[in-house]
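Undergrad: I have a structure I would like to understand better, so I am pasting it below and will then ask my questions one at a time.
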């Protein structure tokens, strides 16, 4: 409960010793790798900050809840975080179907000024009216990712593009991005197939493969989670649909590749057609200062998901695109909290964010925010599998030939 | 001695009457429940379609299809609603809930139609589909598919519960009637036995006093029989004279 003093001073979620951020993410279920990796990356940086005195003497702590990548638990968790735990802000939510349900809640309690920072989704609802004012995004959008994929495919002569997508808001967001990008080139979707959220790698995607195969696509863009997309890639190869299969950043590339590797057969067979878009640079590229810092802190802290949230076994990756994104989220979050000064107050949060202008996060691209700019980064990277790991794709024509 | 023949028709009549009542009530109940629930489900579907259509306008105009999908995903959790899809004015499928793909039957249908239509989709089942135009149809159409099998099952359950209740009333009513008839038949059987004893010139049984002491028609008849047979009782308490017979 909020004390009378806290109510008067507006110090919700922040005491003399700590600033509490609330996070609801998938720590269980077939997408648990996403929440776990995002958390690990963020905590690697927050631990580093806390070990060095915190922000104005306050340690940054995360209050965690598991939503299993399901909207209703996510809404309940958010209510708890806002009304019972009284967190300072919401941070690092995972997924479009979850976040799109939470946004109306933020609008309902807009007087409390609880903002959602850096959700792990590139969907449009938290980037546009009527909910855009309640969230701040760091990553590029699905629109940018899908447009990049479509543009590169079309430039390489792959004009018949099919879509395999999750039957929910996330899938629809990506589907709409692909459709809009094709529309700009006067093209239409060659075909589409859907799957239910929560599908596991052990499930069959043969029906979906057959539907798309019947439309003779030159390439397929997948908008899904790693378990379902890995199952689709497996069944596509098995059913002889051997065309480039693109995945968005949300897929969790390492988790996807791990599942395909676990098949026990030549991973090259199933991964040679994969091209995954990313919203952070490759964690293999140690020429990037933030990547060096990320690798060092991940190795030093190797954060683990709290045991009370672990329902199913999960083996984390030493580095991953998702944990690197979590790391960058935490780095920018810390900078914003620093800009709040010695008396952190929600009233000053938006102003602190808008003061981030041309900020060097250490990845080359500089970050700026403003009233009409609520997304920090714009760059989309592309990766393919070589020797069992994702590497940056520089030459689309060469890869597709 | 039992009075079987006298009440056989009465019992049969009671059975017949209750049977007809039960049949008529059940038939009326089935018709009413079936009609009302079907209409209610259809109305609900139409209301849902209209509700989505009304709230879709801004979302569609803002091209926010993720929010639109999120909205129909919530509606499809309502019992009886099996699928929802939204088409643009050009017939493009902007959002839907089908997995693994949009069925051929839907793709081949008139995307702008809002008339209720019954569909049978292989692998999915039988549906009643209703539609509602978005912005008078210029922005598209919302279609809601109601699972007829699921609705039929719910209606059957509701009817079954009503019919079971009526049958329970039937059994209780019949048993109560038989008990009442038997209650009425018992003194008549005793009276008959009494009359037979008198006719055979035998000594009355111990129950004769009970019969003669009754103040109803059975008692009157017993006393009349006694009087006719000339075996008036010693005690006049029972009033065995003809003038005491009502």
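Undergrad: In the stretch B:94-106, what residues are touching a strand residue (DSSP E or B) at 6+ places or on another chain (Cβ under 8 Å) and either more than 11 Å from chain A (Cβ to nearest Cβ) or closer than 20 Å to residue A:213 by Cβ (or both)? Break it down into steps so the answer makes sense when it comes.
TA: Just the residues of the stretch B:94-106 that are touching a strand residue (DSSP E or B) at 6+ places or on another chain (Cβ under 8 Å), to begin with: B:94-103, B:105-106.
Result: B:98, B:99, B:100, B:101, B:102, B:103, B:105, B:106.
Undergrad: Among (1) closer than 28 Å to residue A:97 by Cα; (2) out of contact with any helix residue (DSSP H, G or I) (no Cβ under 7 Å at 6 or more places or on another chain); (3) surrounded by 14 or more Cβ atoms within 10 Å (Cβ to Cβ); (4) without any contact (Cβ under 8 Å) to a residue 12 or more places away in the chain, there is one condition residue B:152 misses while meeting the rest; what is its number?
TA: Here residue B:152 clears every test but (1).
Undergrad: (1) outside the structural domain of residue A:359 (by TED's automatic domain parsing); (2) more than 25 Å from residue A:24 (Cβ to Cβ); (3) at pLDDT 95 or above: which one isn't true of residue A:290, the others all being true?
TA: Going through (1) outside the structural domain of residue A:359 (by TED's automatic domain parsing); (2) more than 25 Å from residue A:24 (Cβ to Cβ); (3) at pLDDT 95 or above one by one, residue A:290 breaks only (1).
Undergrad: Pick from the stretch A:237-267 the residues that are part of a loop (DSSP other than H, G, I, E, B) and within 23 Å of residue A:325 (Cα to Cα): which of them is modelled with the lowest pLDDT?
TA: A:252
Undergrad: Considering only the stretch A:97-123, how many residues are within 11 Å of chain B (Cβ to nearest Cβ), modelled with pLDDT under 95 and in a loop (DSSP other than H, G, I, E, B)?
TA: 1
Undergrad: So for the stretch A:124-131 (the condition being modelled with pLDDT of 95 or more, farther than 18 Å from residue A:354 by Cβ, within 14 Å of another protein chain (Cβ to nearest Cβ) and touching a helix residue (DSSP H, G or I) at 6+ places or on another chain (Cβ under 9 Å)), does at least one residue qualify?
TA: The answer is no, given that none of the residues of the stretch A:124-131 is modelled with pLDDT of 95 or more, farther than 18 Å from residue A:354 by Cβ, within 14 Å of another protein chain (Cβ to nearest Cβ) and touching a helix residue (DSSP H, G or I) at 6+ places or on another chain (Cβ under 9 Å).
Undergrad: Which number in (1) surrounded by fewer than 24 Cβ atoms within 10 Å (Cβ to Cβ); (2) within 14 Å of chain B (Cβ to nearest Cβ); (3) within 17 Å of the chain's Cα centre (by Cα) marks the one condition that residue A:138 misses?
TA: Unmet for residue A:138, out of (1) surrounded by fewer than 24 Cβ atoms within 10 Å (Cβ to Cβ); (2) within 14 Å of chain B (Cβ to nearest Cβ); (3) within 17 Å of the chain's Cα centre (by Cα): (2).
Undergrad: What residue, among those in the stretch A:176-208 that are in contact (Cβ under 8 Å) with a residue 60 or more places away in the chain and surrounded by fewer than 18 Cβ atoms within 10 Å (Cβ to Cβ), is farthest from the other protein chains (Cβ to nearest Cβ)? Write out each step before concluding.
TA: Residues of the stretch A:176-208 in contact (Cβ under 8 Å) with a residue 60 or more places away in the chain: A:197-201.
Now narrow it down to the ones that are surrounded by fewer than 18 Cβ atoms within 10 Å (Cβ to Cβ): A:198, A:200.
Details: A:198: 11, A:200: 15 Å.
That would be A:200.
Undergrad: Also, I was wondering about something else. Check the stretch A:307-329 and report whether any residue there is outside any loop (DSSP other than H, G, I, E, B), modelled with pLDDT of 95 or more, touching a helix residue (DSSP H, G or I) at 6+ places or on another chain (Cβ under 7 Å) and within 23 Å of residue A:371 (Cβ to Cβ). First the steps, then the outcome.
TA: Keep residues of the stretch A:307-329 that are outside any loop (DSSP other than H, G, I, E, B), which gives A:307-309, A:321-329.
From what's left, modelled with pLDDT of 95 or more: A:321-329.
Now drop any that are not touching a helix residue (DSSP H, G or I) at 6+ places or on another chain (Cβ under 7 Å), which leaves A:321-329.
When the remaining residues are screened for being within 23 Å of residue A:371 (Cβ to Cβ), the result is A:328-329.
The answer is yes, given that some residue of the stretch A:307-329 is outside any loop (DSSP other than H, G, I, E, B), modelled with pLDDT of 95 or more, touching a helix residue (DSSP H, G or I) at 6+ places or on another chain (Cβ under 7 Å) and within 23 Å of residue A:371 (Cβ to Cβ).
Undergrad: For the stretch A:66-85, how many residues are in contact with a strand residue (DSSP E or B) (Cβ under 8 Å, 6 or more places away or on another chain) and either over 30 Å from residue B:69 (Cα atoms) or in contact (Cβ under 8 Å) with a residue 60 or more places away in the chain (or both)? Lay out the reasoning, then the answer.
TA: Step one: list which residues in the stretch A:66-85 are in contact with a strand residue (DSSP E or B) (Cβ under 8 Å, 6 or more places away or on another chain), which gives A:66-67, A:69, A:73-74, A:77-78, A:80-82, A:85.
Still in the running and either over 30 Å from residue B:69 (Cα atoms) or in contact (Cβ under 8 Å) with a residue 60 or more places away in the chain (or both): A:66, A:69, A:82, A:85.
Count: 4.
Undergrad: While we're here: Determine, yes or no, whether residue B:172 is surrounded by 15 or more Cβ atoms within 10 Å (Cβ to Cβ) and either at pLDDT 85 or above or not assigned by TED's automatic domain parsing to the domain that holds residue B:98 (or both). I'd like the intermediate steps shown before the answer.
TA: Details: surrounded by 15 or more Cβ atoms within 10 Å (Cβ to Cβ): no; either at pLDDT 85 or above or not assigned by TED's automatic domain parsing to the domain that holds residue B:98 (or both): yes.
The answer is no for residue B:172.
Undergrad: Looking only at the stretch B:55-84, filter to residues that are over 33 Å from the mean Cα position of the chain (by Cα), in contact (Cβ under 8 Å) with a residue 60 or more places away in the chain and surrounded by fewer than 17 Cβ atoms within 10 Å (Cβ to Cβ); which one of those is nearest to the other protein chains (Cβ to nearest Cβ)?
TA: B:61
Undergrad: Condition first: over 18 Å from residue A:208 (Cα atoms), within 11 Å of chain B (Cβ to nearest Cβ) and in contact (Cβ under 8 Å) with a residue 40 or more places away in the chain. Now tell me which residues in the stretch A:142-175 satisfy that. Quick ask: steps written out before the conclusion?
TA: Looking only at the stretch A:142-175, we keep the residues that are over 18 Å from residue A:208 (Cα atoms), and these are A:142-159, A:169, A:173.
If we keep only those that are within 11 Å of chain B (Cβ to nearest Cβ) as well, we get A:142-143, A:169, A:173.
Within the stretch A:142-175, A:142, A:169, A:173 qualify.
Undergrad: Say we look at the stretch B:207-238 and pick out the residues that are at pLDDT 80 or above and outside any helix (DSSP H, G or I); which of these is farthest from residue B:186 (Cα to Cα)?
TA: B:215
Undergrad: Another one. Within the group A:398, A:342, which residue is outside any helix (DSSP H, G or I) and either without any contact (Cβ under 8 Å) to a residue 12 or more places away in the chain or surrounded by fewer than 15 Cβ atoms within 10 Å (Cβ to Cβ) (or both)?
TA: Numbers: A:398 fails: outside any helix (DSSP H, G or I).
Checking each option against the conditions leaves just A:342.
Undergrad: Test residue A:37 against the stated conditions and say whether it is surrounded by 22 or more Cβ atoms within 10 Å (Cβ to Cβ) and out of contact with any strand residue (DSSP E or B) (no Cβ under 9 Å at 6 or more places or on another chain). I'd like the intermediate steps shown before the answer.
TA: Details: surrounded by 22 or more Cβ atoms within 10 Å (Cβ to Cβ): yes; out of contact with any strand residue (DSSP E or B) (no Cβ under 9 Å at 6 or more places or on another chain): yes.
Against the criterion (surrounded by 22 or more Cβ atoms within 10 Å (Cβ to Cβ) and out of contact with any strand residue (DSSP E or B) (no Cβ under 9 Å at 6 or more places or on another chain)), residue A:37 qualifies.
Undergrad: Test each condition in (1) surrounded by 22 or more Cβ atoms within 10 Å (Cβ to Cβ); (2) over 30 Å from residue A:263 (Cα atoms); (3) more than 9 Å from every other protein chain (Cβ to nearest Cβ) for residue A:230 and report the one that comes out false.
TA: (2)
Undergrad: Shifting gears a bit: Taking residue A:302 as the residue in question, decide whether it is touching a strand residue (DSSP E or B) at 6+ places or on another chain (Cβ under 9 Å) and either more than 24 Å from residue A:387 (Cβ to Cβ) or not assigned by TED's automatic domain parsing to the domain that holds residue A:153 (or both). Walk me through it before giving the result.
TA: Numbers: touching a strand residue (DSSP E or B) at 6+ places or on another chain (Cβ under 9 Å): no; either more than 24 Å from residue A:387 (Cβ to Cβ) or not assigned by TED's automatic domain parsing to the domain that holds residue A:153 (or both): yes.
No, not satisfied.
Undergrad: Can you find even one residue in the stretch A:345-352 that is within 29 Å of residue A:114 (Cβ to Cβ) and either out of contact with any helix residue (DSSP H, G or I) (no Cβ under 9 Å at 6 or more places or on another chain) or in a loop (DSSP other than H, G, I, E, B) (or both)?
TA: First pass over the stretch A:345-352, keeping only residues within 29 Å of residue A:114 (Cβ to Cβ): A:345-352.
Restricting the remaining residues to those that are either out of contact with any helix residue (DSSP H, G or I) (no Cβ under 9 Å at 6 or more places or on another chain) or in a loop (DSSP other than H, G, I, E, B) (or both) gives A:345, A:347.
The answer is yes; a qualifying residue exists.
Undergrad: Here's something else I'd like to know. Kindly indicate whether residue A:248 is in contact (Cβ under 8 Å) with a residue 12 or more places away in the chain and within 11 Å of chain B (Cβ to nearest Cβ).
TA: Numbers: in contact (Cβ under 8 Å) with a residue 12 or more places away in the chain: yes; within 11 Å of chain B (Cβ to nearest Cβ): no.
No.
Undergrad: Please indicate, with yes or no, whether at least one residue in the stretch B:27-46 is surrounded by 15 or more Cβ atoms within 10 Å (Cβ to Cβ) and part of a loop (DSSP other than H, G, I, E, B). Even if it seems obvious, please write down each step before you answer.
TA: Narrowing the stretch B:27-46 to residues surrounded by 15 or more Cβ atoms within 10 Å (Cβ to Cβ): B:29-30, B:33-34, B:37-38, B:41-42, B:44-46.
With part of a loop (DSSP other than H, G, I, E, B) added as a condition, the list becomes none.
Looking through the stretch B:27-46, none of the residues is surrounded by 15 or more Cβ atoms within 10 Å (Cβ to Cβ) and part of a loop (DSSP other than H, G, I, E, B).
Undergrad: Would you point out which residue out of A:297, A:332 is at pLDDT 95 or above, touching a strand residue (DSSP E or B) at 6+ places or on another chain (Cβ under 7 Å) and either assigned to a loop (DSSP other than H, G, I, E, B) or surrounded by fewer than 24 Cβ atoms within 10 Å (Cβ to Cβ) (or both)?
TA: Details: A:297 fails: touching a strand residue (DSSP E or B) at 6+ places or on another chain (Cβ under 7 Å).
Just one listed residue meets the conditions, A:332.
Undergrad: Is it the case, given these coordinates, that residue A:271 is touching a strand residue (DSSP E or B) at 6+ places or on another chain (Cβ under 9 Å), buried (at least 21 other Cβ atoms within 10 Å of the Cβ) and modelled with pLDDT under 95? Explain how you work it out, then say what you get.
TA: Details: touching a strand residue (DSSP E or B) at 6+ places or on another chain (Cβ under 9 Å): yes; buried (at least 21 other Cβ atoms within 10 Å of the Cβ): yes; modelled with pLDDT under 95: yes.
Judged against the criteria, residue A:271 is a match.
Undergrad: Hey, does the stretch A:83-95 have a residue that's modelled with pLDDT under 95, part of a helix (DSSP H, G or I) and outside the structural domain of residue A:259 (by TED's automatic domain parsing)?
TA: Yes, because at least one residue in the stretch A:83-95 is modelled with pLDDT under 95, part of a helix (DSSP H, G or I) and outside the structural domain of residue A:259 (by TED's automatic domain parsing).
The values are calculated or read from the model by the stated rules, or taken from the named source; none is laboratory data. Everything quoted here is computed from the prediction, not taken from an experiment. Every residue, glycine as well, gets a Cβ built from its backbone with ideal geometry; the counts of neighbours run over all protein chains shown.
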